[in-house]
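Student: Right, I'll just put the structure down here and ask away after.
The values are calculated or read from the model by the stated rules, or taken from the named source; none is laboratory data. Keep in mind that this is a model prediction, so the values were computed, not measured. Backbone-built Cβ (ideal geometry, glycine too); neighbour counts: all protein chains shown.
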């Protein structure tokens, strides 16, 4: 894709923008990241969240997206209790988007698109009303935002769960530059997240693609195969959500159990022809 097309898409407010990828790590690993990370990325201290249960560090890119390394403080079970990532194993646990409209308007548009995408089906997927959150940066700056999480109705009863195959939304109340703030020059040369790879149960591939397209408002028809959804970034080239189907027995078991698992990130190196070939997955290499 040419740079002119990339810029047009990235600035298109109709298409959701990849905001950040959440990686849950042990507290000791957050405090002292392995050399495989520190040799390739400059890591910015984030701070503690308003609920007092978690803290984070960020890997911020020039395209405005970032990787959030998060941990439950001291890995205490009581900090996991009742938290939306409390039952998650370590690894890439979630993904967030944003856009240029306010969080209340975004919520109304989201549930409308999801309902349209599920016409003729049970309509199990939707989004919960936005909830407020925040954290204090190490320098004392207070951050506030609203997050909008996906929901899935299970069966005929009223119980809902958090589905992993749909992203959540993060809208800033305080300036976004205060939240997404850090060193963007990285030794590996990465300037943005070019691709997010998800392991998907083969049977669910088309259904999940349709739901994700509805969520992020992407109607891109130029994908070379059915297994990708083109999205924007805050101020860089577009990114792609790509689906990988299982090839090994272990992957088949994982996909069968979880249906949708965020597995790997690939990076954009901008105009540079030099790529270190670095990708991001968990567990980190030693």
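Student: Out of (1) closer than 11 Å to residue 73 by Cα; (2) within 20 Å of the chain's Cα centre (by Cα), the odd one out for residue 44 is which?
Tutor: Looking at each condition in turn, residue 44 falls short on (1).
Student: Tell me the residue from 197, 166, 132 that is at pLDDT 95 or above and not in a strand (DSSP E or B), please.
Tutor: None of the other options fit; the residue is 166.
Student: Collect the residues in region 211-236 that are at pLDDT 90 or above and outside any strand (DSSP E or B), keeping them in residue-number order.
Tutor: Within region 211-236, 211, 212, 213, 214, 215, 216, 217, 218, 233, 234, 235 meet the criteria.
Student: Okay, next question. Would you confirm whether or not region 49-68 contains a residue that is surrounded by fewer than 19 Cβ atoms within 10 Å (Cβ to Cβ), outside any loop (DSSP other than H, G, I, E, B), out of contact with any strand residue (DSSP E or B) (no Cβ under 9 Å at 6 or more places or on another chain) and modelled with pLDDT under 95?
Tutor: Scanning region 49-68 turns up no residue that is surrounded by fewer than 19 Cβ atoms within 10 Å (Cβ to Cβ), outside any loop (DSSP other than H, G, I, E, B), out of contact with any strand residue (DSSP E or B) (no Cβ under 9 Å at 6 or more places or on another chain) and modelled with pLDDT under 95.
Student: Any residue at all in region 86-95 that is in contact with a helix residue (DSSP H, G or I) (Cβ under 9 Å, 6 or more places away or on another chain), under 24 Å from residue 41 (Cα atoms) and assigned to a loop (DSSP other than H, G, I, E, B)?
Tutor: The answer is yes, given that some residue of region 86-95 is in contact with a helix residue (DSSP H, G or I) (Cβ under 9 Å, 6 or more places away or on another chain), under 24 Å from residue 41 (Cα atoms) and assigned to a loop (DSSP other than H, G, I, E, B).
Student: Could you give me the residue pairs with C-beta distances under 8 Å whose first residue belongs to region 241-257 and is more than 26 Å from residue 267 (Cα to Cα), whose second residue is surrounded by 12 or more Cβ atoms within 10 Å (Cβ to Cβ) and at pLDDT below 90 wherever it lies, and which are 6+ apart or on separate chains?
Tutor: That search, which allows pairs on different chains as well, returns 256/201.
Student: Please name all residue pairs, on different chains or six or more residues apart, with Cβ atoms under 6 Å, provided the first residue is in region 124-148 and is within 12 Å of residue 48 (Cβ to Cβ) and the second residue is surrounded by fewer than 12 Cβ atoms within 10 Å (Cβ to Cβ) and at pLDDT 95 or above.
Tutor: Cβ pairs passing all conditions: none.
Student: Now, a different point. Look through 283, 246 and report the one residue that is touching a helix residue (DSSP H, G or I) at 6+ places or on another chain (Cβ under 6 Å), in a loop (DSSP other than H, G, I, E, B), modelled with pLDDT under 95 and closer than 23 Å to residue 88 by Cβ.
Tutor: Just one listed residue meets the conditions, 246.
Student: State whether the residues of region 203-216 include one that is at positive phi and either crowded, with 18+ Cβ neighbours inside 10 Å or touching a residue at least 60 places away in the same chain (Cβ under 8 Å) (or both).
Tutor: The answer is no; no qualifying residue exists.
Student: Next question. Output the residues belonging to region 25-39 that are surrounded by 19 or more Cβ atoms within 10 Å (Cβ to Cβ) and in a loop (DSSP other than H, G, I, E, B).
Tutor: Residue satisfying the conditions is 25 alone.
Here is a yes/no grid of residues against (1) more than 24 Å from residue 280 (Cα to Cα); (2) more than 18 Å from the chain's Cα centre (by Cα); (3) surrounded by fewer than 18 Cβ atoms within 10 Å (Cβ to Cβ):
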site	(1), (2), (3)
160	yes, yes, yes
173	yes, yes, yes
181	no, no, no
189	no, yes, yes
197	no, no, no
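Student: What about residue 101, is it in a loop (DSSP other than H, G, I, E, B) and either closer than 30 Å to residue 283 by Cβ or touching a residue at least 60 places away in the same chain (Cβ under 8 Å) (or both)?
Tutor: Considered against the rule, which asks whether it is in a loop (DSSP other than H, G, I, E, B) and either closer than 30 Å to residue 283 by Cβ or touching a residue at least 60 places away in the same chain (Cβ under 8 Å) (or both), residue 101 comes out as yes.
Student: Something else about it: Inside region 149-180, can you point out the residues that are without any contact (Cβ under 8 Å) to a residue 24 or more places away in the chain and closer than 22 Å to residue 23 by Cβ?
Tutor: The answer is 161, and nothing else.
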